[in-house]
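Participant: Can you keep this structure in mind? I'll have questions shortly.
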Amino acid sequence: MSPLEDGARSADVIAITDAEVLMCATDDLAAAIQIQPRLALTLIGTQSRQLRQMIGRLEDMAFQDATHRVMRVLLNVATASYESRGVPVVEGLTHYEIATLAGTSRETASRVISNLGRDGILATKGRKIVVDLFSLSDHLERD
């Protein structure tokens, strides 16, 4: 029986950066936790961190304007790129995809990106957006 036949649901997920996905059957996970109880604490910590991040994103969607949300998406993607590759760049995402992640229109995302470029907070190089993480973070805090 496949894992999806065991009551799990399939969902489309788009990774912003390269990701490795592993799957573990419930029984196997329970056995691993019995052998190594610290695994449970690690999993709880990871889920807690993910929940806090999701709550932050939901708060942004509910309480922040579109400009703030686009800047937050750019900051998050560029920060993830910096942490994984050492370069604060938004690469592989169109303005439409950035807008979708921010819950706004492509026109709004393009306008925000253009304004941030004019302000020297980011630079577009072909299909890449190079972000000054410190400037964008400061700009978000003031906004």
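We did not get these values from a lab; they are worked out from the coordinates using the rules stated. Bear in mind the structure is a predicted one, so any value in this text is a computation, not a measurement. Quick reminder, even Gly has a Cβ in these numbers, built from the backbone with ideal geometry, and neighbours come from all protein chains shown.
Participant: Only Cα pairs under 8 Å and at least 6 apart count here; give the relative contact order of segment 3-142 as a rounded whole percent.
Facilitator: Working: 111 pairs, mean separation 26.9, N = 140.
Relative CO of segment 3-142 lands at 19 percent.
Participant: Just to confirm my numbers, what's the Cα centroid distance between segment 110-143 and segment 25-57 in Å?
Facilitator: If you average the Cα positions of each part, the centres end up 35 Å apart.
Participant: Determine the sum of side-chain charges near Ala109: Lys and Arg each +1, Asp and Glu each -1, restricted to other residues whose C-beta is under 14 angstrom from that of Ala109.
Facilitator: Summing Lys and Arg as +1 and Asp and Glu as -1 gives +1.
Participant: Now for a different question. Using only Cα atoms, find the angle between the long axis of helix 133-142 and the longest principal axis of the chain, and express it within 0 to 90 degrees, rounded to the nearest 10.
Facilitator: 80
Participant: Taking only the alpha-carbon atoms of the chain, what semi-axes of the equivalent ellipsoid follow from 5 times the gyration tensor eigenvalues under a square root, in whole Å, largest first?
Facilitator: 35, 17, 15
Participant: I need Glu20, Glu59 ordered by Cβ neighbour count within 10 Å, fewest first.
Facilitator: Glu20, Glu59
Participant: What FRET efficiency comes out for Val87 versus Arg111 if R0 is 30 angstrom and r is the Cβ-Cβ distance? Round to the nearest 0.05.
Facilitator: 0.75
Participant: To the nearest 0.05, how large is the calculated FRET efficiency for Arg142 and Ala15 if R₀ is 25 Å and r is the Cβ-Cβ distance? Walk me through the intermediate numbers first.
Facilitator: Working: r = 31 Å, r/R0 = 1.23.
Efficiency, rounded to the nearest 0.05: 0.20.
Participant: For the chain, find the longest principal axis of its Cα atoms and tell me its angle to the long axis of helix 26-35, 0 to 90°, nearest 10.
Facilitator: Value to nearest ten degrees: 80.
Participant: Starting from the Cα of Phe63, step 7 Å toward the Cβ, then list every residue of segment 78-116 with an amide N under 20 Å from that point.
Facilitator: Residues 102-104 fall inside that zone.
Participant: Using helices alone, what [θ] at 222 nm do you get for the chain, with -39,500 (n - 2.57) per DSSP H run of 4 or more residues, divided over all residues and rounded to the nearest 500? Can you show the working numbers first?
Facilitator: Working: 6 runs with 87 residues, N = 143.
Calculated from helices alone, the mean residue ellipticity at 222 nm is -20000 deg cm²/dmol.
Participant: Which order do the peptides 99-110, 30-41 take when ranked by the mean count of other beta-carbon atoms within 10 Å per residue, highest first?
Facilitator: The most tightly packed comes first, giving 99-110, 30-41.
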